[in-house]
1. Of all residues in the stretch B:114-150, which are touching a residue at least 60 places away in the same chain (Cβ under 8 Å) and not in a loop (DSSP other than H, G, I, E, B)?
2. Among (1) without any contact (Cβ under 8 Å) to a residue 40 or more places away in the chain; (2) within 26 Å of A:ALA195 (Cα to Cα), where does A:VAL107 come up short?
3. Which of the numbered conditions does B:ARG184 fail, given that it passes all the others? Conditions: (1) touching a residue at least 40 places away in the same chain (Cβ under 8 Å); (2) over 16 Å from B:VAL32 (Cα atoms).
4. Can you spot a residue in the stretch A:255-271 that is among the basic types (Lys, Arg), buried (at least 16 other Cβ atoms within 10 Å of the Cβ) and modelled with pLDDT under 95?
5. Would you mind finding the one in A:TYR144, A:TYR223, A:TYR203 that is among the aromatic types (Phe, Trp, Tyr) and at pLDDT 95 or above?
6. Considering only the stretch B:84-116, how many residues are within 8 Å of chain A (Cβ to nearest Cβ) and farther than 14 Å from A:THR10 by Cβ?
7. Condition check: closer than 20 Å to B:PHE63 by Cα and touching a residue at least 40 places away in the same chain (Cβ under 8 Å). Does B:PRO159 satisfy that?
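The values are calculated or read from the model by the stated rules, or taken from the named source; none is laboratory data. What you see is a predicted model, and the numbers here were worked out from it, not measured in a lab. Methodologically, a virtual Cβ is constructed for each residue, glycine included, from the backbone with ideal geometry; neighbour enumeration extends over all protein chains shown.
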Amino acid sequence: MTTTLPPLATLPPLGARARGRRVLGVVRRDFAALRRSPIRMFEIVFWPTVELVLWGFVTLFLQTQKVPFAVGFLLGAVLLWQVLQKASNEISIAFLEDIWSRNLLNVQVSPLSSVEYLIGLMVFSLGKVAFAVAVMSALCLALYGFGVTAMGLGLVPFMALLLVMGWSLGLVGIAAVLRFGENAQVIAWSLVFVAQPLTGIFYPVSVLPAPLQTVAHLIPGTYVFEGMRTVLNGGAVPWGDLALAALLDVVYLGISLAVFGWALRYARAHGKLSRFGE
Amino acid sequence: MAILEARSLTKRFGAVTAVDGLDLAVGRAEVVGLLGPNGAGKSTTLHMLLGLITPDEGSVTMFGKDLHRNRVEVLSRINFAASYVDLPGTLHVQEVLEVFADLYAVDRPAAKVAALLDLLELGPLRRRKVMELSSGQRTRVQLAKALLNEPDLLILDEPTANLDPDAGDRIRTLLVRLAREEGRAMLITSHNMPEVERMCDRIHFMAEGRIVASGSAAELAASFEADDLEAVFLKVARG
């Protein structure tokens, strides 16, 4: 019997190369799963396209009623809403797929840290959001003559702010599943929709009752959609408001990471991770 | 130095004490079996050793480092396979191994994956989706995954539970060879007593969350005045 082990087969686990490889592993896994699932490929563009066509017809109707700015306001809103919704749902789905495929334990006993795991999920969701937005932008232009470049320079921070907000909500959704079990999947799906009526996606926040306006101004997305309308109305990008939204995003992300960490510790303490594998 | 050392491990779920002050050690190249009836606390113990469950009391040290403080370092040197865990079903066998080669930051992953496909006789299945494989084939993929990082310690929860006798025998032969020739330590649970007799250097019997008997298969049979390990198991299970 030999007692001498062969040379170490892995990279130094705490080194940057190993950390990068582990993040890449999460992205590679999600990409392979997507590539092998035509239905999921279809789903990436199906719902955004349905919403775009639906709201596109609404804008055509409003145009006949001489409602000013209707096309840009509504189509821009649909497009940015998809950024928020997809950013939230995609990282939840990636996590839930580990549960559905009974692979979660394999991931949890690997040296992948929670931060690396979440970065991997975020990178992959970024790719999917970018793809969906590209398809929707092309459709907007082809079907309704609306180019997303009408939002000017503001488009980049608008999307970035919504991405971060979506990831924060997605993390809270994952935390709910870790805390309450698979039955809490509905929270992961629906949490982002709570923001829909409050953030003034399709209408100015000023139409909300005063108490809800206060709540709305605590949501980063509100400043994005208000900013979008300002820009499409010919105004300048409201950088001050976007900076406030960025600050709120930092708070949201910090809170959601803390909630995720707490839920993971709870799941480990109560044996819930093990039960996901059964 | 023991590769794995657990001291006074205790886990309670509400009023139930699943594991009660368990001490356990596994040395290099040693194959240790953890046996006991359903509900004895075997899987809870393994999951505490893997960091999936946080113990209420006690400590887990691997390679001289505390598991909970050195999670990434420790987990990169061990691996795990279980009959109740699966792999992403829509991925091809080779893709699954490539993904886990990344997650374990395996050096020269292409060569390692190719070698394991060959070792586990998975070459002809490399382009098949995991969900299309038989349970025996999936078990081989699980083991290939578990060997990717050339672990110093393999934790196996009923590794041959879904296998026919031929496939089970091949896997046991492979695992014994890995322990004897490459010095890999293993901690195994199983309900297959001949398997445990063949593979394990040392066996711990658990009942109601505690280790109630330890020794080699021969020592246990002698101390329980039993013909074989199966008879020992029945005596332990029936109190």
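1. B:GLN142, B:LEU143, B:LYS145, B:ALA146, B:LEU147
2. A:VAL107 satisfies all of (1) without any contact (Cβ under 8 Å) to a residue 40 or more places away in the chain; (2) within 26 Å of A:ALA195 (Cα to Cα) except (2).
3. Among (1) touching a residue at least 40 places away in the same chain (Cβ under 8 Å); (2) over 16 Å from B:VAL32 (Cα atoms), B:ARG184 violates only (2).
4. Taking the stretch A:255-271 and keeping what is among the basic types (Lys, Arg), we get A:265, A:268.
Restricting the remaining residues to those that are buried (at least 16 other Cβ atoms within 10 Å of the Cβ) gives A:268.
Checking which are modelled with pLDDT under 95 leaves us with none.
Among the residues of the stretch A:255-271, not one is among the basic types (Lys, Arg), buried (at least 16 other Cβ atoms within 10 Å of the Cβ) and modelled with pLDDT under 95, which makes the answer no.
5. That would be A:TYR223, the only listed residue that is among the aromatic types (Phe, Trp, Tyr) and at pLDDT 95 or above.
6. 12
7. Numbers: closer than 20 Å to B:PHE63 by Cα: no; touching a residue at least 40 places away in the same chain (Cβ under 8 Å): yes.
For B:PRO159, the condition - closer than 20 Å to B:PHE63 by Cα and touching a residue at least 40 places away in the same chain (Cβ under 8 Å) - is not met.
Residues checked against (1) crowded, with 22+ Cβ neighbours inside 10 Å; (2) in contact with a Lys or Arg (Cβ under 7 Å, 6 or more places away or on another chain); (3) at pLDDT below 95:
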site: B:LEU120; (1), (2), (3): yes, yes, yes
site: B:LEU125; (1), (2), (3): no, no, no
site: B:LYS145; (1), (2), (3): yes, no, no
site: B:LEU148; (1), (2), (3): yes, yes, no
site: B:ASN162; (1), (2), (3): no, no, yes
site: B:GLU182; (1), (2), (3): no, no, yes
site: B:MET186; (1), (2), (3): yes, no, no
